[in-house]
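No lab work stands behind these numbers, since they all come straight from the coordinates. Since the structure is predicted, the reported quantities are computational estimates derived from the model, not experimental observations. Don't worry about glycine lacking a Cβ; one is built from the backbone with ideal geometry, like all the others, and counts go over all protein chains shown.
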Amino acid sequence: MNVSNADTNQHTITHLFGLGIRRMTFDQANTELLSAARRTGEKTQVVVTPNVDHIVRLDQQPVFKALYAGADYIFADGMPIVWASKMSKNPLPERVTGADLFVSLCKGAAKEGLSIFILGGMPGQEGDLMDSFARVYPGLKVNILCPSMQFTPDGPEADAAIRQIRETQPAILFICLGMPKQEYFAFRYRSEQTTQNCPLILCVGAAMEFALGQKKRAPLWMQKMGLEWFWRLVSEPRRLWHRYTVQGSKFFGILLRERQHHK
């Protein structure tokens, strides 16, 4: 956690799995992030939303975890993380997902005339995505860059992306590249800014696909019961079976270790 945020917001932090997770409702988080998007002249703020898969992968990569933990805002995306927080003295009130933040912040940006930048999507898809945004979020000022499948956070494509983002100066940058590419790029961008030209960066994975109707989210009752992972597994079994079975099972060991920590 950045020192400035850690010092001024300790009363809103729940320490869990080695992360300082914001103890906010979704509405509070949305209001806070919209306010951050309006601010200029301050350091770029990075937002991450860990789920169970993230917690497992972070546990296996301590160097990356140290970087990830330095995000300015960390919100619990997965219901199991919210449930696990009941072990602490300061449980989380509810989950705050990247998919939901994407929708609410796009609506807020359109209403307030703030511009956004999207880094993600399939190569060459910019035109179709622009049409979709115009239909779903009329009036939203948006720029889109769909990198190649060979994109790396420290490569020449990333250099060009940073230049383009600086030129357009969006209020919000959504990075939809998947973990860990999106986080590495976000922290690189934040570290290289001598003067702020993008107040807020969110690492949101597949959020854009859900927001534009390219993929269907689980019914609300499944989301509230913590079964969204099952919906996604059934929807994309070949791509996600390893994440939600093999990787997901490792979470229980991490959970037991965390329980000992909170005794």
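Counting only DSSP beta bridges whose two residues both lie in region 3-261, roughly 15 percent are antiparallel. Within region 64-119, none of the chymotrypsin sites (Phe, Trp or Tyr not before Pro) combine a DSSP coil assignment with at most 16 other C-beta atoms in a 10 angstrom radius.
Derived scalar couplings between HN and Hα for region 141-151 equal 7, 9, 10, 10, 10, 9, x, 6, 5, 8, 4 Hz in order, rounded to whole Hz, by the Karplus curve 6.51 cos²θ - 1.76 cosθ + 1.60 (θ = phi - 60°), x for Gly and Pro. Counting other Cβ atoms within 10 Å, keep those with at most 14, restrict to DSSP loop, and tell me which trypsin sites (Lys or Arg not before Pro) in region 68-97 are left. Those that pass, being in a loop and sparsely packed, are K89. The three principal axes of the C-alpha atoms in the chain carry coordinate ranges of 50, 43, 35 Å, sorted with the longest axis first.
Model label sites at K141 and E192, defined 7 Å from Cα along the beta-carbon direction, differ in position by 2.4 nm. In this simple spin-label approximation, A160 and F64 carry label points 7 Å from Cα along the Cα→Cβ vector, and these lie 2.6 nm apart. The simple spin-label model puts a point 7 Å past each Cα toward its Cβ; for E126 and K215 those points are separated by 2.4 nm. Under 5 Å between amide hydrogens, built in the peptide plane, is the criterion, and for Q45 it picks out L200, I201 among residues at least 5 positions away or on other chains. Quick one: compute the contact order of the chain, relative version, from alpha carbon pairs under 8 angstrom and 6+ residues apart, as a percent. Dividing the mean separation by the residue count of the chain yields 24 percent. Between Q150 and K263, full extension at 0.36 nm per residue minus the direct alpha carbon distance yields a gain of 36.1 nm. For the listed residue pairs K141/K224; K141/K215; K107/K215; K86/K224; K65/K215, the alpha carbons are over 25 angstrom apart in K141/K224; K65/K215. Note on region 35-85: semi-axes of the ellipsoid equivalent to its C-alpha gyration tensor, largest first and rounded to whole Å, are 24, 15, 6. Based on Cα contacts under 8 Å between residues 6+ apart, region 1-142 shows a relative contact order of 26 percent. Return the tail of the calculated pair distribution for region 12-166, meaning the percent of Cα-Cα pairs more than 24 Å apart. Roughly 44 percent, once rounded to a whole number.
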